[in-house]
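Student: Before we start, here is the structure in question, set down as structure tokens.
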Amino acid sequence: MATRVWDYLPEYDVERDDLIDAVETVFQSGQLVLGESVRAFEAEFAAYHGARHCTGVDNGTNALKLGLQALGVGGGDEVITVSNTAAPTVVAIDGVGATPVFADVHRDTYLMDVEQVEAAITPRTRCLLPVHLYGQCVDMAPLERLAEKYDLVILEDCAQAHGARHHGRVAGSMGRAAAFSFYPTKVLGAYGDGGATITSDDVVDANLRRLRYYGMEQTYYVVRTPGHNSRLDEVQAEILRRKLTRLDAYIAGRRAVAERYERALGDTELVLPATAEGNEHVYYVYVVRHPRRDEIIEALRAYDIHLNISYPWPVHTMTGFAHLGYRPGSLPVTEELAGQIFSLPMYPSLPVEVQEKVIAALREVL
Ligand SMILES: *Cc1c(COP(=O)(O)O)cnc(C)c1O
């Protein structure tokens, strides 16, 4: 059978009864939209992060968009983030009418180089948007100092970092607000689309709730500005409630996969993931680096192993973002990495024999 970087079927095989029961629970509940499961999941997800509030939304991109709007970020504002991210991070910033501004990343962790952020701040900067990429957190203390000094808000993109910790603090508890995706591949994944924005700011939370519900506080009445229809689905919320109780086990499973890769590949020319000081990595993806990346991926196809690249094109080089005016060469580390990085299979239910097959094939190819 073909080997891919991600597969949910081994997990479904184990969790099937619980997931079917989740669906049945919602179907029997008599309330299919914004019911008890969404309310309970929001309370439980907020509690996991020590946050006061959580608003469930329809996907991670809208969790970011509504997060930005709830923080008052919009047309004319600049938001500093990275180009080495999933394009949706930048789609969301562009989607609220703000202008994304990119800092380059660290060569070893692939995360935002916070030392470059201050130089990117202008009088129009409103928001810092760190992306906790691949499963570990951006260095937050210097960003928090900049936010304080220049009166900026921090919105964390936690779509790849459920349960990751940074000097003991959990991802999502460090900004004014934080956006999560529950796309099926994520560390906490639904069986379809889902997302959430968490905050401990009561005003920001009230904004979020209104924005996901057409702009209404009360049914049939749009109060301040028109919002969106961005509700988290009730069935997905009940599935997520069940899976949230297993989040720490999923993370432990991912770490066990990462440790096996480290033991088996540590002596090769592959550059394995580096964990920054103070971080507890959750390995959303297991990103390695090699100058002959394309040859390696091609050679592995002969073993029916199909790897992935997160991400092959830096966002600022995409034609869809030409209007931002970045030229090739403007973010040298991001651009160099994009030609060398690739991802090995990583999910908690990855069968050991499949991982061993990947390791053996990789060692032969290298
Ligand atoms: C997945 C992801 C998103 C978008 O989430 P969706 O649920 O797919 O809309 C945003 N940012 C990052 C870093 C992501 O990995």
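The values are calculated or read from the model by the stated rules, or taken from the named source; none is laboratory data. On a predicted model such as this, the values are computed, not experimentally measured, just so you know. FYI the Cβ positions are ideal-geometry reconstructions off the backbone, even for glycines, and counts take in every protein chain you see. Only protein heavy atoms, including side chains, enter the accessible area calculation; ligands, DNA and RNA are left aside. Shrake-Rupley method; radii C 1.70, N 1.55, O 1.52, S 1.80 Å.
Student: Out of Glu15, Glu42, which single residue is charged (D, E, K, R), closer than 30 Å to Glu356 by Cβ and open to solvent by less than 40 Å² (accessible area, probe 1.4 Å)?
Tutor: Of the residues listed, the single one that is charged (D, E, K, R), closer than 30 Å to Glu356 by Cβ and open to solvent by less than 40 Å² (accessible area, probe 1.4 Å) is Glu15.
Student: Within the range 258-298, can you find the residues that are open to solvent by 40 Å² or more (accessible area, probe 1.4 Å) and in a helix (DSSP H, G or I)?
Tutor: Glu259, Arg260, Glu262, Arg263, Asp294, Glu295, Glu298
Student: Give the range 71-96 a look and list any residue that's of a type in the set (Val, Ile, Thr) and either within 12 Å of the ligand (Cβ to nearest atom) or open to solvent by 10 Å² or more (accessible area, probe 1.4 Å) (or both), or say none.
Tutor: The answer is Thr81, Val82, Thr85, Thr89, Val90, Val91, Ile93, Val96.
Student: With Ala196, Ala258, Ala237, Ala190 as the choices, which residue is of a type in the set (Gly, Ala, Ser) and either under 17 Å from Met346 (Cβ atoms) or more than 20 Å from the chain's Cα centre (by Cα) (or both)?
Tutor: None of the others qualify; the one that does is Ala258.
Student: Name the single residue that is farthest from the chain's Cα centre (by Cα) among those in the range 14-43 being under 18 Å from Asn59 (Cα atoms) and not small (Gly, Ala, Ser).
Tutor: Leu32
Student: Quickly run through the range 316-366 and pick out the residues that are in a loop (DSSP other than H, G, I, E, B) and either open to solvent by less than 20 Å² (accessible area, probe 1.4 Å) or of a type in the set (A, V, I, L, M, F, W, C) (or both).
Tutor: Answer for the range 316-366, where residues must be in a loop (DSSP other than H, G, I, E, B) and either open to solvent by less than 20 Å² (accessible area, probe 1.4 Å) or of a type in the set (A, V, I, L, M, F, W, C) (or both): Met318, Leu331, Pro345, Met346, Tyr347, Leu350, Leu366.
Student: How about the range 165-179: which of its residues are buried (at least 24 other Cβ atoms within 10 Å of the Cβ) and either in contact with a helix residue (DSSP H, G or I) (Cβ under 6 Å, 6 or more places away or on another chain) or not assigned by TED's automatic domain parsing to the domain that holds Val91 (or both)?
Tutor: Gly172, Ala177, Ala179, listed by residue number.
Student: Which one of the conditions (1) open to solvent by less than 50 Å² (accessible area, probe 1.4 Å); (2) out of contact with any Ser or Thr (no Cβ under 7 Å at 6 or more places or on another chain); (3) in contact (Cβ under 8 Å) with a residue 60 or more places away in the chain does Asp205 fail to meet, given that it meets all the rest?
Tutor: The one condition Asp205 does not meet is (2).
Student: With respect to the numbered conditions (1) within 16 Å of the ligand (Cβ to nearest atom); (2) in contact with a Lys or Arg (Cβ under 9 Å, 6 or more places away or on another chain); (3) open to solvent by 10 Å² or more (accessible area, probe 1.4 Å), which one is the sole condition not fulfilled by Thr55?
Tutor: Here Thr55 clears every test but (3).
Student: For the range 158-244, list the strands (runs of 3 or more DSSP E) that sit wholly inside it and hold at least 3 residues that are within 16 Å of the ligand (Cβ to nearest atom) and small (Gly, Ala, Ser); which are they?
Tutor: Result: 177-181.
Student: For Gly189, all conditions in the list (1) open to solvent by 10 Å² or more (accessible area, probe 1.4 Å); (2) within 16 Å of Tyr48 (Cβ to Cβ) hold save one; what is the number of the exception?
Tutor: So the condition that Gly189 fails would be (1).
Student: Next up: From Val101, Val114, Val105, which residue is farther than 30 Å from Thr245 by Cα and within 15 Å of the ligand (Cβ to nearest atom)?
Tutor: Just a single option satisfies the conditions, and that option is Val105.
Student: While we're here: I need the full set of residues from the range 119-142 which are more than 12 Å from the ligand (Cβ to nearest atom) and of a type in the set (Ser, Thr, Tyr), in order please.
Tutor: The answer is Thr122, Thr125.
Student: Then there is this: Is it fair to say Gly67 is in the same structural domain as Gly168 (by TED's automatic domain parsing), under 18 Å from the mean Cα position of the chain (by Cα) and either within 12 Å of the ligand (Cβ to nearest atom) or open to solvent by less than 40 Å² (accessible area, probe 1.4 Å) (or both)?
Tutor: Yes; evaluated as a whole, the condition is true for this residue.
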